Amino acid sequence: MNVAAPSIDAQLLADVLSEIAETASETLELQDVFDRVATSVRRVIPFDNMGVVRLIDDARAVLHASTVPCQGPVCTEPIPLTSWSPRMRPRSGPNPRIEDALIEFDRSFFFDAKALEGGVRSAMWEPFRSTDTLRGGVWLAAYSPHAFTDEHQDVLRPIAALLGSAVEHWRLWDIERRRRDRLDRIEALLSTLAESLDVREVFQRLSDGMQQVLPHDLACLTELDMRARTIRISALAGESDNPAPTEAVVLTASELDRRIDFEIIHDIPTEVPPDTERQRLIISSGMRSWLRVPVWLSGEVRGGLSFFHREPSRYSWEDTEVAIRLADRVGLMLSHQRLAEEARVAAEARERAERLEATVETLARELESRGRGRIIGVSPSWKQSLLSVKRVTASETTVLITGESGTGKEVISSLIHQGSPRSGRPFVAINCAALPEQLLESELFGHEKGAFTGAIATKIGRLEQAAGGTLFLDEIAEMSPLVQAKFLRVLEQREFQRLGGTRTLKADVRVIAATNRDLAASIARQTFREDLYYRLNVFQIHIAPLRERPEDILPLAEAFLEDLGRTMGRPAAGISKDAREWLLAYRWPGNVRELRNAIERAILLCDGGLITRDHLPTMAASVGAAHFEATNGSAKAAAPIPSEGMNLEDVERGMVEKALSQAKGNKSRAARLLGLTRAQLYSRIEKYGVS
């Protein structure tokens, strides 16, 4: 039976609690003042020894403070909870008091045996929590049996709460201390990174320096290619069970999505299924734990930094901050590496640009002398397009020219060819929109005799015609999926076969493609291959529509006036002020081609005099509207549509007949008047049976 003890005075208890709170607040290291804390507790509960146990996790604890002198790892290192017998083991609820340790302790457990060796006969435990999480507890021990009562247990509860608060403050402080210490160690590694702009040269030493901060058996830096959807190992430190792959590894869509966030795998064999090539490689490494964080460069995820360990559950979310800090420093280093490379390339480019400047000027004069068209324009966007031409002319790079219909994409492609090393070889153009699928395939690749009905002889295609020179593919977005797949092989393998043939031919051509469509939208609609787009879009030149560069309208009009007046044999006297104002006010949906057609039409109408507003199209809606005015001889706003309606095909037929009549049967000139290609004009002539 417990020995009866006098009741504890409430005021005394309040004084003791105040003393404990004041003492514990003097320092974060509770052990430094623990003897004074114990003295205060003895005023309300007699005991011989006292201690505080702090739980690390569900399986381990550490002796945080004690009145018993302690030496060795058992006093500072984590202790498995299995070192206590179930009767004595720290738990969330109050353990039943130990009334007689000789009977209740189990000497087969380490701490039970240590307590008995120290003379403990009775003990009492009270847990403490933080935000409903068990953080540890306080124990009292006495050398006599039956030393504690229910009242002692009640008094120990607020004491444990106070000491638990002090332990929690220390725990939070210790987390922040260790965090700062680890981050400081990362900053100390910056000198290693600064020794070279190539991270591969210092990655092993970087890994060695990280061992104390983030222990690992394998460290890996990968490079991400979002377009190709692959990753490639760029640096490695440590050894795995299998050699690391040297080729790029293809990622799935879900793997790509996860690249922007960190990953923690506690046990690779049980958590990573062998579903993808990447996952199978990770499993075969022989590692158990894995921590991966993204490497950012210029606001994009450009790779990943991974740490592996052969033991399971070695990494936690606290480790991610350390890994992210290092990844940020690696990303900064890669950025410097890229800037250095760009500076080197820029210096070389400046030298080439100086040589190309003269080449382009010579080319412009040559084109002018040949009458193929002058390089006319003063707007910033047009000059930017010419600057892009200068940058790419001397290389063999594939070029994609974008811009609305009629902006001069073929002129730019010809300019690139004439300034390139291939200028002395053929420049072959093909309009992908003007030919049906089979005819385009035959025209592009050629065909063997008997390849299809009507193939009475072998025909070489445009690829062979352009051998050694440049192939210009206009309206590339109109190419059928079948032809796209075949042409992709030309870009990738530089070889092809004629239609119906078996012999593989080499494609020694430079490819320039042009389109007036949004290829990204075509890819989304699955009408244009994404891989072909990436092959074509190595270097893109965009030509702004004429309405966005009004500075070029009048210079172009004057040039067309001079050129067309000479070729048509009836030059105009000039362009009046009101005509110039209209030219600048009009939106030009047909761009330069429409402007040329409008000037050609005005030359015909002015009979050698001054071109006035009356000689120019009245409606600003479209080329068709302007020609509708010309057909009706009106210089005013278009008449309203009759209430009984009208037949659009009759209107279009009339416009075709009028254009052919005005051009005196010259189909090329008639097509220009209508703003059509020759192929489109022929299609309408056949459709309406126009003779």
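Odds and ends about this structure:
- For segment 524-552, a residue qualifies if it is among the hydrophobic types (A, V, I, L, M, F, W, C) and farther than 22 Å from THR407 by Cβ, and the qualifying residues are ALA524, LEU532.
- Screening ALA219 against (1) in contact with a Lys or Arg (Cβ under 9 Å, 6 or more places away or on another chain); (2) in a strand (DSSP E or B) leaves a single unmet condition, (1).
- Test result for VAL62, under 59 Å from the mean Cα position of the chain (by Cα) and surrounded by 15 or more Cβ atoms within 10 Å (Cβ to Cβ): yes
- Annotation note: Cβ proximity below 8 Å between a residue of segment 262-283 that is farther than 26 Å from LEU326 by Cβ and a residue that is assigned to a loop (DSSP other than H, G, I, E, B) (sequence gap 6+ or interchain) occurs for PRO269/ARG288; THR276/LEU251; THR276/THR252; ARG280/PRO274.
- With respect to being among the basic types (Lys, Arg), crowded, with 16+ Cβ neighbours inside 10 Å and not in a loop (DSSP other than H, G, I, E, B), ARG535 fits the description.
- Which listed residue is out of contact with any strand residue (DSSP E or B) (no Cβ under 9 Å at 6 or more places or on another chain), part of a loop (DSSP other than H, G, I, E, B) and without any contact (Cβ under 8 Å) to a residue 40 or more places away in the chain, from THR82, THR39, THR23, THR27: THR27
- Selection status of PHE128, touching a helix residue (DSSP H, G or I) at 6+ places or on another chain (Cβ under 7 Å), crowded, with 22+ Cβ neighbours inside 10 Å and at pLDDT below 90: yes
- Across segment 294-324, the number of residues qualifying as under 27 Å from GLU176 (Cα atoms) and either within 20 Å of the chain's Cα centre (by Cα) or buried (at least 18 other Cβ atoms within 10 Å of the Cβ) (or both) comes to 16.
- Among the residues making up segment 196-222, a single one is under 16 Å from HIS336 (Cβ atoms) and either at pLDDT 85 or above or not assigned by TED's automatic domain parsing to the domain that holds SER335 (or both): LEU221.
- Counted residues, segment 245-261 - those being under 23 Å from ALA323 (Cβ atoms) and not in a helix (DSSP H, G or I): 4
- Count - residues of segment 149-159 that are touching a residue at least 24 places away in the same chain (Cβ under 8 Å) and either surrounded by fewer than 23 Cβ atoms within 10 Å (Cβ to Cβ) or on the phi > 0 side of the Ramachandran plot (or both): 7
- ALA123 being modelled with pLDDT of 85 or more, surrounded by 14 or more Cβ atoms within 10 Å (Cβ to Cβ) and within 23 Å of ARG87 (Cα to Cα): yes
- Condition broken by VAL509, with the remaining ones in (1) among the β-branched types (Val, Ile, Thr); (2) modelled with pLDDT under 90; (3) crowded, with 16+ Cβ neighbours inside 10 Å satisfied: (2)
- Among the residues of segment 436-455, some residue qualifies, meaning at least one is outside any helix (DSSP H, G or I), within 38 Å of the chain's Cα centre (by Cα) and modelled with pLDDT under 85.
- Hits in segment 456-477 (condition: in contact with a Leu (Cβ under 8 Å, 6 or more places away or on another chain) and either farther than 27 Å from ARG422 by Cα or not in a helix (DSSP H, G or I) (or both)): GLY461, LEU471
- THR567 over 30 Å from PRO421 (Cα atoms) and assigned by TED's automatic domain parsing to the domain that holds PHE487: no
- Test result for THR567, in a helix (DSSP H, G or I) and over 24 Å from TRP382 (Cα atoms): yes
- Given (1) assigned to a loop (DSSP other than H, G, I, E, B); (2) buried (at least 21 other Cβ atoms within 10 Å of the Cβ), index of the condition SER108 fails: (2)
- Any hit, segment 477-485, residues being buried (at least 17 other Cβ atoms within 10 Å of the Cβ), touching a residue at least 40 places away in the same chain (Cβ under 8 Å) and more than 15 Å from LEU519 (Cβ to Cβ): yes
- Within segment 168-184, residues that are within 19 Å of LEU326 (Cβ to Cβ) reach partners that are in a helix (DSSP H, G or I) and aliphatic (A, V, I, L, M) with beta carbons closer than 6 Å, at six or more positions or on different chains, in the pairs ARG182/VAL322.
- The number of residues in segment 238-257 being over 17 Å from VAL295 (Cα atoms) and in contact with a helix residue (DSSP H, G or I) (Cβ under 7 Å, 6 or more places away or on another chain) comes to 6.
- Flag for LEU334 being at pLDDT below 85, surrounded by 13 or more Cβ atoms within 10 Å (Cβ to Cβ) and under 30 Å from ASP181 (Cα atoms): yes
To keep it simple, each residue is scored yes or no on (1) under 23 Å from ASP319 (Cβ atoms); (2) not aliphatic (A, V, I, L, M).
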| position | (1), (2) |
| --- | --- |
| ALA244 | yes, no |
| VAL249 | no, no |
| PRO269 | yes, yes |
| PRO274 | no, yes |
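- Meets criteria (among the basic types (Lys, Arg), more than 21 Å from VAL199 (Cα to Cα), within 23 Å of the chain's Cα centre (by Cα) and crowded, with 16+ Cβ neighbours inside 10 Å) for ARG278: yes
The values are calculated or read from the model by the stated rules, or taken from the named source; none is laboratory data. Remember, it's a predicted structure, so these values are computed and weren't measured experimentally. A quick note on method: Cβ atoms are made from the backbone with ideal geometry, for glycine too, and the neighbour counts reach across all protein chains shown.
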